[in-house]
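Structure first, then comments.
The values are calculated or read from the model by the stated rules, or taken from the named source; none is laboratory data. Note that the coordinates shown come from a computational prediction; the quantities given were computed from them, not determined experimentally. For neighbour counting, all protein chains shown are included, and Cβ atoms are generated from backbone atoms with ideal geometry for every residue, glycine included. Surface areas here come from the heavy atoms of the whole protein model, side chains and all, with no ligands, DNA or RNA. Shrake-Rupley method; radii C 1.70, N 1.55, O 1.52, S 1.80 Å.
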Amino acid sequence: NSVSTSHNHQNILPIQYRTATMSPAAWKNVLSRHGPSLRALQSPMSSSFAPSSLTSSSSTALRGSIHPIRRHASIASFVKGPSIDALPSKDAADLPQLTNDLRFVQDMVRSYDPSGTLPGRLLPTNQMQLVYYAVRSFWVETGLRKDAAITRSPTEQLDWWQEGIQSVYDKDHEQSSPTLRLLSHLVNDHQIPLTQCHFDDILKSRRNDLDLTQYPDMEALNQHAIWSCGSLFQLVLESNDARHHCEIANTLGVCHGLTNALRTSIPVLSTTGKLILPQDLCEKYGVSSPRYLLSALGMGDATCQRAMRNVVADIVAVARQHLKEGRDALAQHNDAALNSVFLPILASETFLDRLEEHAYDLTDRNLRNVSTVEHWQCAMKMAKSAYQNQI
């Protein structure tokens, strides 16, 4: 898969960046080499499934098929993932433990946020990759409610995480959580200036989830997305000393957060009773029983279904508007490292496109039946965006 560096790089474009023009023979070659990996893709019926999901198996397939030529570094070094060895440690004896912690956070992201796996490996520096997986694991773990390993109540669980993140900034290295232990190493030993308020805002969004049964309006839903996903983007920005782009992080965080809310709306409703469709939009379109309409039994009449699809369409429109504003802001900077932070937004766009194709019907079962080819197309879209420095 490697090509001599004596070739003209401007005329070399990996076959995965030309998926639209790949011949049947080319696809056959890719599928024959990576068939077992592709068959291992996560089930679309899983509650944590994202239509643009990439599992560790598909990432392994990508590792063997993406061309190594990149504008500012080798993509092969990105796809293989971050390494803890490159960071200083006060005690060499810490390295085995930290290596295990890094493996843990990557596994958490891979298991619960599969569409967020590849973007982390496409970041341009090892430090950014390490921070990405550490903070995204924190984001994932604080949002877990139904897990056999969790014995505390949801409130107690969030209190435990709040105390844990406070102990990181109090320079307490005795951490029982792999995620907190790795964050403590990054913040204290490696002096990466991650701001505590962003972790606090993520926890604030989680606490908000406990008490809320329905968002009162779009403003509240947008604010929740900023606390959750905007803070996530800002922490990754800080790993590259780019905290001054916080407005872009919040803008694209709204798109990312709204999309996540739509994607998980039915599983969240069934497990927690929380309705993500804002009350003001339900009243605007006359949706009187949104919980029933989103349930397995709630077919409703054509008028009710159309009203609910109008609510979803409005949320999608807000998400797309924030996506456009964020892209316009990124285009003014032409910064490869900055663009790479927001690669996860491409998975959000993929779901918004699918939702629009299915007439904004969240209950359409075909919405979650994603083909192998679509998985690959989303992966190639991310790789192409990283290659072209454009979201």
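Miscellaneous remarks
- Listed by position, the helices (runs of 4 or more DSSP H) inside the stretch 102-221 whose residues that are open to solvent by 10 Å² or more (accessible area, probe 1.4 Å) and not polar (S, T, N, Q) number at least 3 are 126-143, 154-169, 196-211.
Condition check ((1) within 16 Å of VAL131 (Cβ to Cβ); (2) out of contact with any His (no Cβ under 9 Å at 6 or more places or on another chain)) across all residues:
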position	(1), (2)
LEU235	yes, no
GLU238	yes, no
ALA242	yes, yes
HIS245	yes, no
VAL254	no, no
LEU258	no, no
ALA261	no, no
SER265	no, yes
THR272	no, yes
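- Lone unmet requirement of (1) modelled with pLDDT of 95 or more; (2) closer than 15 Å to ASP217 by Cα; (3) of a type in the set (A, V, I, L, M); (4) open to solvent by less than 10 Å² (accessible area, probe 1.4 Å) for LEU323: (2)
- Members of the stretch 257-283 found to be open to solvent by 10 Å² or more (accessible area, probe 1.4 Å), in a helix (DSSP H, G or I) and not hydroxyl-bearing (Ser, Thr, Tyr), listed by number: GLY257, ASN260, ALA261, ARG263, ILE266, PRO267, VAL268, LEU269, GLN279, ASP280, LEU281, GLU283
- Complete set of residues in the stretch 222-233 that are polar (S, T, N, Q) and open to solvent by less than 10 Å² (accessible area, probe 1.4 Å): SER228, SER231
- Residue in the stretch 326-364 that is surrounded by the fewest Cβ atoms within 10 Å (Cβ to Cβ), counting only those that are among the aliphatic types (A, V, I, L, M) and closer than 22 Å to ARG291 by Cα: ALA359
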